[in-house]
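I have a structure I would like to understand better, so I am pasting it below and will then ask my questions one at a time.
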Amino acid sequence: MKKIILLTAITIGAAVFTAKLTAGNCAMPSCCGGAQTETVADSSAKPDLLTTCPVSGEKLGEMGKPFTFTYKDQEVKLCCKGCKKDFDKDPEKYIAKIRAADKK
């Protein structure tokens, strides 16, 4: 009986470990936890001309397709969905970075 319990615990532990390793394909797990999801942006919004994520500073596209959405008629491109929570804490700070790139 002890062997069965031990083997069950090892199997469950291995499954959890494997699931965490294969959870995402993100190069920066501290930033986004590997979460990439579908993106939505309004086609009438001003385009985001930045080539880097305004939140993390990482080059867009290095970790897969950028997470894109619209904020107050401004397209926003982030390196991953994980950066959205930081964006939401102070959106005007990041919008200012995007708009500064538009002026250049």
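Which fully enclosed helices (runs of 4 or more DSSP H) of segment 20-104 have 2 or more residues being loosely packed, with under 15 Cβ neighbours inside 10 Å and modelled with pLDDT of 95 or more?
Details: elements: 29-32, 83-89, 91-103.
It comes to 83-89, 91-103.
If you don't mind, there's one more thing I want to ask. For segment 57-83, name all the residues that are farther than 21 Å from Ser44 by Cα and not acidic (Asp, Glu). Give the steps one after another, and end with the answer.
Restricting attention to segment 57-83, the residues satisfying the condition of being farther than 21 Å from Ser44 by Cα are 57-64, 79-83.
Residues satisfying the conditions are Gly57, Lys59, Leu60, Gly61, Met63, Gly64, Cys79, Cys80, Lys81, Gly82, Cys83.
Can you name the condition, by its number, that Gly64 falls short on among (1) at negative phi; (2) in contact (Cβ under 8 Å) with a residue 12 or more places away in the chain?
Evaluating Gly64 over (1) at negative phi; (2) in contact (Cβ under 8 Å) with a residue 12 or more places away in the chain leaves (1) as the failure.
The values are calculated or read from the model by the stated rules, or taken from the named source; none is laboratory data. Quick caveat, the model's predicted, so the values are computed rather than measured. Methodologically, a virtual Cβ is constructed for each residue, glycine included, from the backbone with ideal geometry; neighbour enumeration extends over all protein chains shown.
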